[in-house]
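Novice: Below is one structure. I have some questions about it.
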Amino acid sequence: MPTKLLSELKSKEKGKIAKVGGGGSIHRRLLDMGLVSGSEIEVERVAPLGDPMQVRIKGYHLTLRKEEAANIQVEVI
């Protein structure tokens, strides 16, 4: 299944996290927020300039900056 970066998804698109990238502290922070491979994620809202974006994962809402979302590969559903 083709993957896209989370930062490329539009509002109301859903997917399954395929890979979490990023280096060091960013990678650890994303994992600590529950962004792990296999988790379903839905983009709820994207700000007009694309930063920040609000997502829903594991039943809770999370706001990510575009640079953080660019570290996450998603299989679009």
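Novice: Mind listing the phi-derived Karplus ³J(HN,Hα) values for the stretch 47-54, rounded to whole Hz, using 6.51, -1.76 and 1.60 with θ = phi - 60°, and x for any glycine or proline?
Specialist: Each residue's phi maps through the Karplus curve to give 4, x, 9, x, 9, x, 10, 9 Hz.
Novice: Determine the calculated [θ] at 222 nm for the chain from helices alone, applying -39500 (n - 2.57) to every DSSP H run no shorter than 4 residues and normalising by the residue count; nearest 500 deg cm²/dmol.
Specialist: -4000 deg cm²/dmol
Novice: Here's a follow-up. Be a star and scan the stretch 42-65 for residues whose amide nitrogen sits under 18 Å from the point 7 Å along the Cα-to-Cβ vector of M1.
Specialist: Hits in the stretch 42-65 for M1 at 18 Å: 42-44, 56-59.
Novice: Tell me, what HN-Hα J-couplings in whole Hz come from the Karplus equation 6.51 cos²θ - 1.76 cosθ + 1.60 at θ = phi - 60° for each residue of the stretch 61-76, using x for Gly and Pro?
Specialist: Those phi angles translate into 9, 9, 10, 10, 7, 4, 5, 6, 5, 6, 8, 10, 8, 10, 8, 6 Hz.
Novice: What distance in nm lies between label points placed 7 Å from Cα along the C-beta direction at E75 and S25?
Specialist: So the label points at E75 and S25 sit 3.3 nm apart.
Novice: Which whole-number value in Å³ per residue fits the convex hull of the alpha carbons of the chain? Numbers along the way, then the final one.
Specialist: Working: hull volume 5.6 nm³, N = 77.
Cα-based convex hull of the chain, divided per residue, equals 73 Å³.
Throughout, read-outs are computed from the coordinates displayed, never taken from laboratory work. From a predicted model like this one, the values you see are computed outputs, not experimental measurements. Backbone-built Cβ (ideal geometry, glycine too); neighbour counts: all protein chains shown.
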